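J.: Dumping the structure here so I can ask a few things about it.
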Amino acid sequence: MGVKDKIKYIFSYKIAGKLLIEYNTKKTFKNFKPPKNWRTDILAPSLRTGVYTKEIIAKHYLEGRYVSGVKPVAWVTSGAPIEILKALGFYILYPENHGALCGARKVALEISEEAEKKGYSIDICSYARTDIGATLSKKTPVGKLPKPDLLLCCTNICQTVLYWYRVLAEYYKVPLIVIDTPFVYDEAKEHDIEYVKKQLEASIEVSEKVAGKSLSFSKLKEVVRLSKMAAELWLEIMNANKNKPAPISVFDQFIHMAPIVEKRGDPETVDFYSKMLDEINERIKNGIGAIKNERKRVLWDNLPIWYKIRFLSEFLAENGVSVIASTYTNAWGELAPMMDIERPIESMAKTYVYPILNRGTGHKLKTMETMVKEFDLDGAILHSDRSCKPYSVGQMDQRLKLLNELGVAALLLEADHNDPRAFADEQIKSRLKAFMEMMD
Amino acid sequence: METVKSIGIDAGSTTLKIVGVNEEGKILFSIVEDADPKVEEQTEHILNKLKENYDMESSKIVATGYGSNLIKADKKVTEITCHAKGIYEYFKTGGTAVDIGGQDNKVILISKNGKVIDFIMNDKCASGTGRFLENTAWRLKIPMEKMAELALNSDGEVKISSTCAVFAESEVISHLSRGQKLEHVIKGLHRAMVKRITSMIYTVGFNPPLMLSGGVAKNKAVVKMLEEELGEKPRIPENPQIMGAFGAALIGLSQ
């Protein structure tokens, strides 16, 4: 650890930056007003606790700018078992979240083109292209990304991550931990979980070596406890949408899920979701819905279309359609009950084998069917994501089953989560309009 | 002077269709023109001319199609709902409506009482649409009307494997340069297009009868091949191109 790095970190992040961000948050929270261009004619005012989402993310990326040489840095996949790294004091960066941020800020295309220029095919996942492009060109809307000291790749979300992280490992010349998770058709076998557990145990040694210290099991238990608590709160927030009108749209969930993904295991994340839940409960008490005129309740399947969240949210709200349940945001809450504070490694092995993308298509169908019933939904939008094959496979049959067996309108919407070249406004509008007319 | 109760305007990607109906929903006039880039001016011009012969003082206007945003109308409704309405009222039955347009294909499942149960449109790709044939016709300098005739009278068929409208064009040229007969290649081209449509029909699930609309329904070779592929004789309205505009006009009647 360089003394210079540490002084810069303490001054620029811990003192100046952090305090300034926190001061701004307090001020904005106190005199809270929705953003100027917020469509209050069709939407509920934006969530007041949303100012903390901004704060958490701003602090996270600001810390990243100064963290090199002060804390060990790990880059991880979105479904990676991060609790061990967290307990070892790693600064953790999620390239997929950074990619989503680039998408929402509408710079993902420019950054992925940097990867395409170096020969990465346009057919590769747009998150991977955004990340590789950011790595090669150093372009990012957050100022600067810290170089990784360790890479952690878990195959429970897709196989692309394996090749993507190998590219990163070669580029940065740092160790790569791969946690290989066997695919779950119905139930995970005991030996599947044992296999993942052994890999987690083996990963401790490498992580300790990079961190330069030993893992404290009591710290690990604490991280698992906080991780579980935050996930449970997130689940409760999503389940609040069983109320009518539903208090928080899926489009808002897409924005406010950032902390549960990249800051889980931190005490601040638990506090944040607890505050958000209070605000949601307040909305329920006062009968405030996410959209003003909730005529129809709809499900969203697959990743968000990051660069069109606002467009879709407003277009649907104008027509009284509230999108209130999603398999995607649910993925960060549904596994919380599996975490066991007393048996951290074993329960992590189980939890990280069971994400929706590591299970059969029948399971996703069941998840959607349950949502249709429990949230009393009228329709489902299945985003067929060009970039995410594991999420999109099976959607054709899932759509037909929802339509024929549950009698809800269902639409397959072809786009891409981060590549705006796969999105044509007029085509998407005409399909969504027809879908809405079908529900009437 | 007859009173036009409602006017349906279907401003498609290739053509503009306008239909006027009386109180009973009977078609009083129907107009089909190639779509101008300034479709709003084109529409206004047509409507002004019609006013010389019809009483359109209290007509409702319902617009549909990609250009509908530009058109002044009482209501805007999607092509899916309009085609379903038009086809259902024309044939007085539910079933599978297939609209093959200039760059959009739609397959619509219509219930017994005329409601849209499900639909599918081609996404991100114009394969199997009118443009698929038009591209090649233009490239080979064959008038569109002659394409179907060539295919129908052909005694053989060459397999076109590409379903992409752009790649199929180069495949056609390469077949011709290898000495394949023009009519065999054209027939193969029709087959590729029909297979793409059939596969869309099976995606939503085929529920007879099969009812066609859109300009391509006038192509006899496409109609014959659809029958061969599906084992079901398609029903075709007298003027298939105006079904969307007709549906739109009928929707205006209930406004």
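The values are calculated or read from the model by the stated rules, or taken from the named source; none is laboratory data. Since the model is a prediction, treat every value here as computed from it, not as a measurement. So basically every Cβ, Gly included, is an ideal-geometry build from the backbone, and we count neighbours across all protein chains shown.
J.: Consider B:Thr163 against the criteria (1) touching a Lys or Arg at 6+ places or on another chain (Cβ under 8 Å); (2) hydroxyl-bearing (Ser, Thr, Tyr); (3) in a helix (DSSP H, G or I): it satisfies all of them except one. Which criterion is unmet?
T.: The one condition B:Thr163 does not meet is (3).
J.: Please enumerate the residues belonging to segment A:339-366 that are within 18 Å of A:Glu232 (Cβ to Cβ) and either within 19 Å of the chain's Cα centre (by Cα) or among the polar types (S, T, N, Q) (or both).
T.: First, pick out the residues of segment A:339-366 that are within 18 Å of A:Glu232 (Cβ to Cβ): A:339-344, A:347-348, A:350-352, A:354-356.
The answer is A:Met339, A:Ser347, A:Met348, A:Thr351, A:Tyr352, A:Tyr354, A:Pro355, A:Ile356.
J.: Okay, next question. Just a yes or no: is a residue in segment A:398-413 in contact with a Lys or Arg (Cβ under 8 Å, 6 or more places away or on another chain) and under 25 Å from A:His98 (Cα atoms)?
T.: The answer is yes; a qualifying residue exists.
J.: Given the residues A:Leu403, A:Leu413, which is the only one that is free of Cβ contacts under 8 Å to residues at least 60 places away in the same chain, within 9 Å of chain B (Cβ to nearest Cβ), within 22 Å of the chain's Cα centre (by Cα) and surrounded by 19 or more Cβ atoms within 10 Å (Cβ to Cβ)?
T.: Only one candidate passes the filter, namely A:Leu413.
J.: How about segment B:70-79: which of its residues are touching a Ser or Thr at 6+ places or on another chain (Cβ under 8 Å) and free of Cβ contacts under 8 Å to residues at least 40 places away in the same chain?
T.: Hits for segment B:70-79 are B:Lys76, B:Thr78.
J.: Got a number for residues in segment B:74-105 being polar (S, T, N, Q), closer than 22 Å to A:Met439 by Cβ and either in contact with a Lys or Arg (Cβ under 8 Å, 6 or more places away or on another chain) or in a loop (DSSP other than H, G, I, E, B) (or both)?
T.: Going residue by residue through segment B:74-105, those that are polar (S, T, N, Q) are B:78, B:81, B:93, B:96, B:103, B:105.
Still in the list and also closer than 22 Å to A:Met439 by Cβ: B:78, B:81, B:96.
Checking the rest, the ones that are also either in contact with a Lys or Arg (Cβ under 8 Å, 6 or more places away or on another chain) or in a loop (DSSP other than H, G, I, E, B) (or both) come to B:78.
Total satisfying the criteria: 1.
J.: Now for a separate question. Restricting attention to segment B:52-73, and to residues there that are part of a loop (DSSP other than H, G, I, E, B) and surrounded by 14 or more Cβ atoms within 10 Å (Cβ to Cβ), which single residue is nearest to the chain's Cα centre (by Cα)? It would help to see each step written out before you state the result.
T.: Step one: filter segment B:52-73 for residues part of a loop (DSSP other than H, G, I, E, B), giving B:52-53, B:56-59, B:65-67, B:71-73.
Now restrict to residues that are surrounded by 14 or more Cβ atoms within 10 Å (Cβ to Cβ): B:56, B:59, B:65-67, B:71, B:73.
Values: B:Met56: 27, B:Ser59: 25, B:Gly65: 11, B:Tyr66: 13, B:Gly67: 15, B:Ile71: 20, B:Ala73: 22 Å.
Applying the filter and picking the extreme gives B:Gly65.
J.: How do the helices (runs of 4 or more DSSP H) wholly within segment B:177-253 filter down when requiring 1 or more residues that are among the charged types (D, E, K, R) and away from chain A (no Cβ under 14 Å): which remain? Lay out the reasoning, then the answer.
T.: Values: elements: B:182-204, B:220-230, B:243-253.
Correct list: B:182-204, B:220-230.
J.: Related question: Tell me, please, whether a residue that is free of Cβ contacts under 8 Å to residues at least 24 places away in the same chain and either surrounded by fewer than 19 Cβ atoms within 10 Å (Cβ to Cβ) or within 14 Å of another protein chain (Cβ to nearest Cβ) (or both) can be found in segment A:344-358.
T.: No, segment A:344-358 has no match at all.
J.: Answer yes or no as to whether A:His383 is at pLDDT 95 or above, within 28 Å of A:Ile82 (Cα to Cα) and not in a helix (DSSP H, G or I). Show your work before the answer.
T.: Values: at pLDDT 95 or above: yes; within 28 Å of A:Ile82 (Cα to Cα): no; not in a helix (DSSP H, G or I): yes.
Here the answer is no, as A:His383 does not meet what is asked.
J.: Can you name the residue in segment B:120-145 that is out of contact with any Cys (no Cβ under 9 Å at 6 or more places or on another chain), crowded, with 18+ Cβ neighbours inside 10 Å and outside any helix (DSSP H, G or I) and, of all such residues, is farthest from the other protein chains (Cβ to nearest Cβ)?
T.: B:Gly128
J.: Take segment A:115-161 and flag every residue that is in a helix (DSSP H, G or I) and either polar (S, T, N, Q) or closer than 29 Å to A:Leu200 by Cβ (or both). Show your work before the answer.
T.: Filtering segment A:115-161 for residues in a helix (DSSP H, G or I) gives A:115-117, A:126-137, A:160-161.
Matches in segment A:115-161: A:Ser126, A:Tyr127, A:Ala128, A:Thr130, A:Asp131, A:Ile132, A:Ala134, A:Thr135, A:Ser137, A:Thr160, A:Val161.
J.: Next question, about the same structure. Scanning for something in contact with a Gly (Cβ under 7 Å, 6 or more places away or on another chain), farther than 15 Å from A:Gly265 by Cα and surrounded by 19 or more Cβ atoms within 10 Å (Cβ to Cβ), does segment A:320-330 turn up at least one residue?
T.: Scanning segment A:320-330 turns up at least one residue that is in contact with a Gly (Cβ under 7 Å, 6 or more places away or on another chain), farther than 15 Å from A:Gly265 by Cα and surrounded by 19 or more Cβ atoms within 10 Å (Cβ to Cβ).
J.: Can I ask one more? Condition first: over 18 Å from B:Gly205 (Cβ atoms), more than 10 Å from every other protein chain (Cβ to nearest Cβ) and in a helix (DSSP H, G or I). Can you find one or more residues in segment A:423-431 that meet it?
T.: Yes, there is a match, as at least one residue in segment A:423-431 is over 18 Å from B:Gly205 (Cβ atoms), more than 10 Å from every other protein chain (Cβ to nearest Cβ) and in a helix (DSSP H, G or I).
J.: For segment A:297-350, how many residues meet the condition of being assigned to a helix (DSSP H, G or I) and either closer than 22 Å to A:Lys389 by Cα or not β-branched (Val, Ile, Thr) (or both)? Working first, answer last.
T.: So the first thing to find is which residues in segment A:297-350 are assigned to a helix (DSSP H, G or I), and the list is A:306-318, A:327-330, A:336-338, A:344-350.
Those still in the list that are either closer than 22 Å to A:Lys389 by Cα or not β-branched (Val, Ile, Thr) (or both) too: A:306-318, A:327-330, A:336-338, A:344, A:346-350.
Adding up the residues that qualify gives 26.
J.: Tell me, which helices (runs of 4 or more DSSP H) lie completely within segment A:189-273 with 2 or more residues that are among the charged types (D, E, K, R) and surrounded by fewer than 18 Cβ atoms within 10 Å (Cβ to Cβ)? Working first, answer last.
T.: Values: elements: A:190-211, A:217-239, A:250-256, A:258-262.
Hits in segment A:189-273: A:190-211, A:217-239.
J.: Do we find a residue being surrounded by fewer than 23 Cβ atoms within 10 Å (Cβ to Cβ), away from chain A (no Cβ under 14 Å), in contact with a strand residue (DSSP E or B) (Cβ under 8 Å, 6 or more places away or on another chain) and under 25 Å from B:Ser111 (Cβ atoms) anywhere in segment B:5-23?
T.: Taking every residue of segment B:5-23 in turn, none turns out to be surrounded by fewer than 23 Cβ atoms within 10 Å (Cβ to Cβ), away from chain A (no Cβ under 14 Å), in contact with a strand residue (DSSP E or B) (Cβ under 8 Å, 6 or more places away or on another chain) and under 25 Å from B:Ser111 (Cβ atoms).
J.: Just to be sure I understand the filter: pairs with C-beta atoms under 7 Å, separated by 6 or more residues or on different chains, first member in segment B:133-162 and in contact (Cβ under 8 Å) with a residue 40 or more places away in the chain, second member small (Gly, Ala, Ser) and assigned to a loop (DSSP other than H, G, I, E, B). Which pairs pass?
T.: none
J.: Related question: Out of everything in segment B:104-119 that is more than 8 Å from chain A (Cβ to nearest Cβ) and in contact with a strand residue (DSSP E or B) (Cβ under 8 Å, 6 or more places away or on another chain), what residue ends up being farthest from B:Ser199 (Cα to Cα)?
T.: The selected residue is B:Ser111.
J.: Taking into account only those residues within segment B:74-103 that are surrounded by fewer than 24 Cβ atoms within 10 Å (Cβ to Cβ) and among the small types (Gly, Ala, Ser), which is farthest from the other protein chains (Cβ to nearest Cβ)?
T.: Here the residue is B:Gly95.
J.: Scan segment B:13-33 and give yes if some residue there is assigned to a strand (DSSP E or B), more than 14 Å from B:Ala245 (Cα to Cα) and within 18 Å of the chain's Cα centre (by Cα), otherwise no. First the steps, then the outcome.
T.: First, the residues of segment B:13-33 that are assigned to a strand (DSSP E or B): B:15-21, B:27-33.
If we keep only those that are more than 14 Å from B:Ala245 (Cα to Cα) too, we end up with none.
No: segment B:13-33 contains no residue that is assigned to a strand (DSSP E or B), more than 14 Å from B:Ala245 (Cα to Cα) and within 18 Å of the chain's Cα centre (by Cα).
J.: Which condition number in (1) surrounded by fewer than 23 Cβ atoms within 10 Å (Cβ to Cβ); (2) more than 11 Å from every other protein chain (Cβ to nearest Cβ); (3) modelled with pLDDT of 95 or more is the one that A:Met368 fails?
T.: All conditions are met except number (1).
J.: Does A:Trp38 satisfy the criteria of being among the aromatic types (Phe, Trp, Tyr), closer than 30 Å to A:Lys308 by Cα and part of a loop (DSSP other than H, G, I, E, B)? Walk me through how you get there before you give the answer.
T.: On the way: among the aromatic types (Phe, Trp, Tyr): yes; closer than 30 Å to A:Lys308 by Cα: yes; part of a loop (DSSP other than H, G, I, E, B): yes.
Yes.
J.: Got at least one residue in segment A:219-239 being among the basic types (Lys, Arg) and out of contact with any helix residue (DSSP H, G or I) (no Cβ under 6 Å at 6 or more places or on another chain)?
T.: Going through segment A:219-239, the residues among the basic types (Lys, Arg) turn out to be A:219, A:221, A:225, A:228.
If we keep only those that are out of contact with any helix residue (DSSP H, G or I) (no Cβ under 6 Å at 6 or more places or on another chain) too, we end up with A:225.
There is at least one residue in segment A:219-239 that is among the basic types (Lys, Arg) and out of contact with any helix residue (DSSP H, G or I) (no Cβ under 6 Å at 6 or more places or on another chain).
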